[in-house]
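One structure coming up, written as structure tokens, with questions to follow.
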2 protein chains.
Amino acid sequence: MSVLIVGSTALDSIKTPKAENPKLLGGSASHAAVAASFFAPVKLVGVVGEDFPKPYIQLYRKHKINLDGLQLKEGKTFHWSGEYEVNMDNRQTLLTELGVFETFTPHLPESHKKSPFVLLANIAPSLQAHVLDQMQRPKFIIADTMDLWLNIALKDLLALIGRVDAFVLNESEAHQLTERSNILHAAREIHKLGPKYVIIKKGHNGAFLSSPRGLFVCPAYPLEDVVDPTGAGDAFVGAIMGYLATRSGPIEKNLRRAMVYGSVVASFCCEGFGLTRLTKLKRPEIDKRVAELEKLVRF
Amino acid sequence: MSVLIVGSTALDSIKTPKAENPKLLGGSASHAAVAASFFAPVKLVGVVGEDFPKPYIQLYRKHKINLDGLQLKEGKTFHWSGEYEVNMDNRQTLLTELGVFETFTPHLPESHKKSPFVLLANIAPSLQAHVLDQMQRPKFIIADTMDLWLNIALKDLLALIGRVDAFVLNESEAHQLTERSNILHAAREIHKLGPKYVIIKKGHNGAFLSSPRGLFVCPAYPLEDVVDPTGAGDAFVGAIMGYLATRSGPIEKNLRRAMVYGSVVASFCCEGFGLTRLTKLKRPEIDKRVAELEKLVRF
């Protein structure tokens, strides 16, 4: 089955201690869509400006991503610029130019409204909600977020959380949202807001799932060389959703393995600037790394 | 087979955001010895002063810990005092009174010199080395350390690392020792110093093993309530060593499961002040939590 992905489509200028790359293809939806495309057909919903490079459109198409929901607007594409510290864990935003994103309202083409799997990648929670407003009840809805929305749109975010099956956020966001320093307590508080599944991202320490069937500690693939972690969290949820869309049976049965696939695709994402590594990736490489992760946690 | 454990035997005064407990039984060797005692007979080597409370001696004995190598000296027992921040990850040392520890030299009774399993729990690396000088070649030597020795006794520590089979340290110490921010690179540098096995402790994110057979990501048991993490790292290595001493076959074959046992005993350690939870623990509780951890990482 296909996956509908809505989120940001952007140009990212990224600086790390080793290199600097201007105006790469970026945005939460771009990373998630390419990650999901290794598993299932993807429909992308987003907006780009007139400056959006044609090769990036071709890159989406190479991954067989349906662009019927990608709006082309007068003005400039959303541009984000950031710089990583030596440890590659901390980063600083240098610049945010919203461009056409400032007035973006996602409109779903008719063909998109019955999509069974919906990934609300990181954008303003009001826009995430607006997508759900246009849809018939999907089989599975997952939403990601970022600290910005906790700070400036908490009310919208809380309303959205109540409408999704799975909610994804990182560890510090989980603590901020719930005011609980313990991860089990934080997950419990988030369940109370609505979601059946709570997924907490922990960067190079993997991820954590709280679900009706219990907890799952998802390992991260240990990397020799982190080139650029931008978009790894988006690739993680994208691959989770892509994998789930290809599996039969209840979500609960497949979600753990989906997270491991997500973790592996995220690891590849970190091995190149922007999407450069993911766009060269082949499915057998993903399966090989999943098998390695299985060995890595076996005792 | 029995386990020889050398390290500090101390009185710990511990303050957390929720409570304050003066002069608990503490020290790296105390935590490690009690943790190991759930699996194998333990011989403890350390020093205490005249103020060392009799109930603490009885507590060692309750765990069938051989005290032939515990010196009783004129003066005061080593006293450490620390305070934890709200997140329980960061702590501040308030006071260190070395007492009889200042002039401590570990002397091994004849009966101890042929011990097959030797755990050099955290003390000055020169003292750890002095224990090895007195021994016939043990089957397996594991050494733990702390940042203090990296700062004030690096030369001694490097010499010691070259003499052990397994070296244990926490993540920030691994980065400091090797000047490598990547954990795989750091482990590789430590292997170059001698040890066949490198174990990197990551607190509530578990632990990491680098060995000839490959890598292992060891999960931490998710805790509802961390009361006091003091000694958790010592309990971790103590349980590893105790478990290994009971297993036949090569170390490599048993080390992963040993680490999971270590992780579980460390989790119990965190559930009470000082050793209060561990000294009430029963073996079936440990096995139950190991079985839970197996489910927690299965996918």
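The values are calculated or read from the model by the stated rules, or taken from the named source; none is laboratory data. Please read all numbers here as calculations on a predicted model, not as lab measurements. Neighbour counts are summed over all protein chains in view; Cβ atoms, including those assigned to glycine, are modelled from backbone coordinates with ideal geometry. For accessibility, only protein heavy atoms count, side chains too; no ligands or nucleic acids. Shrake-Rupley method; radii C 1.70, N 1.55, O 1.52, S 1.80 Å.
Would you please classify the overall shape of the range A:134-255 from the alpha carbon gyration tensor, given that a ≥ b ≥ c denote the square roots of the eigenvalues, rounded means a/c under 1.5, and beyond that prolate means a/b larger than b/c while oblate covers the rest?
Note, shape of the range A:134-255 comes out rounded.
If you don't mind, there's one more thing I want to ask. Please find the FRET efficiency linking B:Asp287 to A:Asp156, where r is the Cβ-Cβ separation and R0 is fixed at 60 Å, and quote it to the nearest 0.05.
Result of the calculation: an efficiency of 0.80.
Please compute the modelled spin-label separation between A:Lys280 and B:Glu97, points set 7 Å along Cα→Cβ, answer in nm with one decimal.
Reported label-point gap for B:Glu97 and A:Lys280 is 6.3 nm.
For chain B, rounded, prolate or oblate, judged on the Cα gyration tensor with a ≥ b ≥ c (square roots of eigenvalues), a/c < 1.5 rounded, else prolate if a/b > b/c?
In terms of gyration-tensor shape, rounded.
Sticking with this structure for a sec: Using a label position 7 Å from Cα in the Cα→Cβ direction, what is the ascending list of nm distances from A:Ile152 to the same site in the other copies?
Label-point distances to the other copies, shortest first: 5.0 nm.
With a 1.4 Å probe and every protein chain left in place, work out the accessible area per residue of chain B in Å², rounded to a whole number.
Averaged over the residues of chain B, the accessible area is 41 Å².
In Å and on Cα atoms, what radius of gyration and Dmax does the protein assembly as shown show?
Using the Cα atoms of the protein assembly as shown, the pair Rg, Dmax is 26.6, 86 Å.
Just to verify a number: FRET efficiency for B:Lys114 and B:Glu83, C-beta to C-beta distance, R0 = 41 Å, to 0.05?
Using R0 = 41 Å, I get an efficiency of 0.45.
What's the carbon and sulfur percent of the range A:1-143's accessible surface, probe 1.4 angstrom, rounded to a whole number?
Within the range A:1-143, the accessible surface is 50 percent carbon and sulfur.
Okay, next question. Nearest 0.05, what FRET efficiency do A:Gln71 and B:Lys295 give at R0 = 35 Å with Cβ-Cβ as r?
Once the sixth-power term is evaluated, E becomes 0.15.
Give me the Debye-computed log₁₀ of I(q)/I(0) at q = 0.13, 0.20, 0.24, 0.27 Å⁻¹ for the range A:209-286, equal point scatterers on Cα only, no solvent, two decimals.
Summing over Cα pairs of the range A:209-286 leads to -0.40, -0.85, -1.11, -1.29.
While we're here: Given label points at 7 Å from Cα along Cα→Cβ, what nm distances, shortest first, separate B:Glu74 from the same residue in every other copy?
From this label point to the equivalent ones elsewhere in the assembly: 9.6 nm.
Further, regarding this structure: Can you tell me the Rg and Dmax of the range A:51-149, counting just the alpha carbons, in angstroms?
Values for the range A:51-149 (Cα only, Rg and Dmax): 15.8, 47 Å.
What's the average, rounded to a whole number, of partner chain beta-carbon atoms within 10 Å of each residue's beta-carbon in A:201-207?
Across A:201-207, the average partner-chain Cβ count within 10 Å equals 3.
For B:Leu215, place a label point 7 Å from Cα along the Cα-to-Cβ direction in every copy; what are the distances to the other copies, in nm, shortest first?
2.3
Give me the accessible area of A:Ser28, 1.4 Å probe, in Å² rounded to the nearest 10.
10 Å²
Please compare each pair in A:Lys62/A:Lys114; A:Lys202/B:Lys202; B:Lys64/B:Lys280; B:Lys139/B:Lys201; A:Lys54/A:Lys76; A:Lys43/A:Lys113 to a cut-off of 18 Å on the Cα-Cα distance and tell me which ones are over it.
A:Lys62/A:Lys114; B:Lys139/B:Lys201
Can you put A:Asp234, B:Asp287 in order of accessible area, largest first, using a 1.4 Å probe?
Result, largest first: B:Asp287, A:Asp234.
Give me a single rounded figure for B:214-224: the average over its residues of other chain Cβ atoms within 10 Å of their Cβ.
5
Could you size up the charge dipole of the range A:148-208 around its Cα centre, putting +1 on the beta carbon of Lys and Arg and -1 on that of Asp and Glu, and report it in debye to the nearest 20?
The dipole magnitude comes to about 140 debye.
Using DSSP loop states and a limit of at most 16 other Cβ atoms within 10 Å to flag GluC sites (Glu not before Pro), what is the longest stretch of chain A containing no flagged site?
Result for the longest clean stretch: A:86-178.
Here's another thing I want to ask about it. Return the percentage of antiparallel bridges among DSSP beta bridges fully within the protein assembly as shown, rounded to the nearest 5 %.
40 percent
Sticking with this structure for a sec: Under the rule of -39500 (n - 2.57) per DSSP H run of 4 or more residues, summed and divided by the residues of chain A, what mean residue ellipticity at 222 nm is obtained, to the nearest 500 deg cm²/dmol?
Calculated at 222 nm, the ellipticity per residue is -10500 deg cm²/dmol.
While we're on this one: Highest GNM mean-square fluctuation, chain B, Cα pairs closer than 10 Å: which of B:Pro284, B:Pro106, B:Pro219?
B:Pro284
For A:290-297, what's the mean count of beta carbons from other chains sitting within 10 Å of each residue's beta carbon?
Mean number of neighbouring Cβ atoms from other chains: 4.
Further question: Write down the Å³ per residue value for the convex hull defined by the alpha carbon atoms of the range A:7-83.
Each residue corresponds to 88 Å³ of Cα convex hull volume.
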